[in-house]
Amino acid sequence: MRQRVRAVLITPTNTMLAIKRIRPGLPEYWVLPGGGVEADDESLEAALHREVREEIAGHAEITGLLRILESDDEQQFFYLARIKQWNFDQRSGPEFSRDDRGEYLLEEVPLTAEGLDAINLKPDALNDGRLAEVRAEG
């Protein structure tokens, strides 16, 4: 079963970092920073730290596991984390060098019901209202 890690990255101004995806022929959507766990990752948390470095040239302080989503062939682990510094211009993930992957834009999204309702966050199971509550938990 494939494993993926993602982070709800909360900034010092209590916004959430999300990556807006623009792909030809598809409606815009947003994803949380993260990606696949690789064989040489020592742990899920190590995989998340590597993905945050690759995708936004940042370092996150993981505060806990928020939820797990499972399908027939995949487990996705969503962590809650704080981040103070990042630089999207210095991203180094392999997906950013492929022209066929579309655009990636980093955005700060308000952690409010209104802010989250304004984006098409994937996977859909994250749109159950619980993310707007994490600001107080982090």
Can you give the relative contact order of the chain as a percent, counting alpha carbon pairs under 8 Å and 6+ residues apart? 32 percent
For the chain, what are Rg and Dmax over the alpha carbons, in angstrom? 14.1, 39
Between the DSSP loop rule and a limit of at most 16 other Cβ atoms within 10 Å, which GluC sites (Glu not before Pro) in the range 1-104 are left? E28, E38, E42
What distance in nm separates the simple spin-label points at K20 and L105, each placed 7 Å from Cα in the Cβ direction? 0.3 nm
Residue by residue, what Karplus-based ³J(HN,Hα) values in Hz, rounded to whole numbers, does the range 30-39 have, using 6.51, -1.76 and 1.60 with θ = phi - 60° and x for Gly and Pro? 10, 10, 8, x, x, x, x, 7, 9, 4
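Quick note: the coordinates plus some simple rules give every number you see, no bench work behind them. Please read these numbers as outputs of a predicted model, since none were measured by experiment. We place every Cβ from the backbone using ideal geometry, glycine too, and count neighbours over all the protein chains shown.
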